[in-house]
Amino acid sequence: MYMNDFISQMKLEESIAHANHIANVDSLTGLLNRRGFFAELNAGWQELVDRNTLVCVAIYDIDFFKAYNDHYGHLAGDDCICRVSGTLQDYFEDHEGLLCRFGGEEFLAFFIPRDAAGAFEIVAGARKQIEALQIDGVTEISGTSHVTISAGYITAHAAGKDSEELIHQADLA
């Protein structure tokens with residue numbers, strides 16, 4: 001009887017882990033989704049506030065993505081999102097950042113820059129990484145022959161702020 005209880009417990013734990021994965025990870029890109037992102041960010045937010053750490057929040061949006069989908073089709077659109085997200089994931093891992101799929105073709109990045117100029121360099125560097133992919137674009141709509149991304153970001157000290165406020169400000173930017 002003990003072995004059956006042990007096996008049942010293992011199956012339950014596997015089911016819970018699988019449910020948590022589904023709840024926190026975007027199924028297309030494998031990135032954190034909003035829920036997973038906020039869980040990760042909020043887990044360490046108070047320490048950032050206590051230390052008054054300089055933080056940066058950036059929102060990236062694939063430019064003219066609806067036109068891309070209309071021109072190339074949704075499967076190609078999914079492939080574009082996956083290529084962009086994979087590149088951003090690698091880039092922000094190199095900068096010890098946190099990345100999530102924020103919306104359809106939007107990505108949210110959080111990282112700790114050395115200073116405001118360094119934050120700008122990292123935000124701009126991500127855009128350059130995507131341009132370097134040279135994914136065919138819709139020239140007649142976008143004016144460029146390859147896919148690009150736009151970015152809005154904010155750099156601020158964490159003290160006196162909450163993460164959602166910073167995300168809202170980055171979105172406005």
* To do: Kindly indicate whether any position in the stretch 50-60 is among the hydrophobic types (A, V, I, L, M, F, W, C) and not in a strand (DSSP E or B).
  => no
* To do: Starting from the stretch 93-109, keep only residues that are closer than 14 Å to Ala170 by Cα and touching a residue at least 12 places away in the same chain (Cβ under 8 Å), then list their pairs with residues that are part of a loop (DSSP other than H, G, I, E, B) and of a type in the set (Phe, Trp, Tyr) whose Cβ atoms are within a distance under 7 Å, requiring at least 6 positions of separation or different chains.
  => Leu108/Phe102
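Matching residues to (1) more than 19 Å from Leu28 (Cβ to Cβ); (2) surrounded by fewer than 20 Cβ atoms within 10 Å (Cβ to Cβ):
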site: Ala67; (1), (2): yes, yes
site: Tyr72; (1), (2): no, yes
site: Asp79; (1), (2): no, yes
site: Asp90; (1), (2): no, yes
site: Arg101; (1), (2): no, no
site: Phe110; (1), (2): yes, no
site: Gly118; (1), (2): yes, yes
site: Thr144; (1), (2): yes, yes
* Structure fact -> Reported set for the stretch 21-65 where residues are out of contact with any strand residue (DSSP E or B) (no Cβ under 6 Å at 6 or more places or on another chain) and within 21 Å of Gln129 (Cα to Cα) is Leu28, Gly30, Phe64, Phe65
* **Pick from the stretch 41-62, criterion closer than 13 Å to Glu164 by Cα and at pLDDT below 95, ranking: most open to solvent (accessible area, probe 1.4 Å)** => Asn42
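The values are calculated or read from the model by the stated rules, or taken from the named source; none is laboratory data. Computed from a prediction, not measured in an experiment: that's the story for all the values here. We place every Cβ from the backbone using ideal geometry, glycine too, and count neighbours over all the protein chains shown. Ligands, DNA and RNA are excluded from the accessible area calculation, which covers all protein heavy atoms including side chains. Shrake-Rupley method; radii C 1.70, N 1.55, O 1.52, S 1.80 Å.
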